[in-house]
Amino acid sequence: MKTGNIYVITHKPLEHPMPGRYQKLFVGAGKLSLEEKQKLKGYEFDDEGDNISGKNGSYCELTGLYWIWKNRQADIVGISHYRRFFVEAGQFLTWEQAEGALKESDVVVAKKWWVPGSVERHFARCHNKEDLSVVRQVIQRNCPQYVKSFDKAMGKGFLFPFNMMVCPKTIFDSYCEWLFGILEECEKRLDLGGYDAYQGRIYGFLAERLWLVYLIYHKYNVKEMKVREVGMTLRMRAERVVYKCMFCVRKTKMYVRRGGGIPYWK
């Protein structure tokens, strides 16, 4: 059996049970007191070792990805969230199933999330479209070989959302080195002064788009997997329905006719 964990990235204590090899990782942990940490038995904390925990407000779960990249060695890494988990056959993905999935594919990703128009148009509708332009400028300067893949990704009608994945640590490390290099340069160029708390999570939103760019460039064989959301209140579920009605669409028959059977990176 290969080494590694499926990390559950969270900013609050978790109560629901999880399968073996799931490891809780508390992000933004620098705000916790020593006493609070001691009460959280079985957790890792993203403010230990080499970390960017202090950026959690704008980086979201990415401070957890950074911590894993810099502080843990393993064969396989999985990323889930405190209320979002990969499921197989209706149950939380087990470690054995994760290993099995990677024998048939390079990377496990969240099932496609369809958006209206294109990734670029969807981002412009939900966030500041200029931020995406800055990302392209940074890629053009720092890693121009990815520009064509960036443009292709922005024209797609879907994402692999939530910054969730299961993959070999070698792929994870290479992706993180690329991703954080881009975001670090974007930090120098973006002004978040007028953003509210939601829009201030910009680097997490950008990473969702950059994940697709990276996959397209490398043409990885991906296995899409359903994601289950747990612990959501009625209000949260209602807000999610409204959000989907406003911004998201399902796969259409026309898309199936035009795109069925074509690899996602085409």
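A few points about this structure:
- In this simple spin-label approximation, Glu177 and Cys126 carry label points 7 Å from Cα along the Cα→Cβ vector, and these lie 3.0 nm apart.
- Inter-label distance, nm, simple model (7 Å from Cα along the C-beta direction), Arg228/Tyr198: 2.8 nm
- Radius 15 Å from Cβ of Thr94, net charge of other residues (Lys, Arg +1; Asp, Glu -1): +3
- Spacing of the two label points (7 Å from each Cα toward its C-beta) at Trp113 and Thr3, in nm: 3.3 nm
- The eigenvalues of the Cα gyration tensor, multiplied by 5 and square-rooted, give the chain an equivalent ellipsoid with semi-axes of 27, 23, 20 Å from largest to smallest.
- The stretch 134-223: trypsin sites (Lys or Arg not before Pro) in DSSP coil with no more than 13 other Cβ atoms inside 10 Å: Lys219
- Centre separation in Å (Cα based) which lies between the stretch 139-168 and the stretch 188-234: 11 Å
- Placing R0 at 51 angstrom, the Cβ-Cβ distance between Gln145 and Ser33 gives a FRET efficiency of 0.65 after rounding to 0.05.
- 10 Å Cβ shell holding at most 13 others, DSSP loop, GluC sites (Glu not before Pro): longest site-free stretch of the chain: 49-266
- For the stretch 130-208, the list of chymotrypsin sites (Phe, Trp or Tyr not before Pro) that fall in a loop by DSSP and count at most 12 other C-beta atoms within 10 angstrom reads Tyr198.
- Förster radius 25 Å - calculated FRET efficiency between Lys70 and Gln137 (Cβ-Cβ, nearest 0.05): 0.40
- Debye, to nearest 20: dipole size of the chain, +1 on Lys, Arg Cβ, -1 on Asp, Glu Cβ: 1340 debye
- Ranking Gln137, Val227, His127 by Cα position along the charge dipole of the stretch 126-232, where only Lys, Arg, Asp and Glu carry charges on their C-beta atoms, puts Val227 farthest toward the positive end.
- For the chain, the 222 nm mean residue ellipticity estimated from helices alone, with every DSSP H stretch of n ≥ 4 adding -39500 (n - 2.57) and the total spread over all residues, rounds to -13500 deg cm²/dmol.
- Put in line by how crowded their Cβ is, counting other Cβ atoms within 10 Å and starting with the fewest, Lys31, Lys266 read Lys266, Lys31.
Each value in this text was obtained by applying a stated rule to the coordinates, not by laboratory testing. What you are looking at is a predicted structure, and each value in this text was computed from that prediction instead of being measured. A quick note on method: Cβ atoms are made from the backbone with ideal geometry, for glycine too, and the neighbour counts reach across all protein chains shown.
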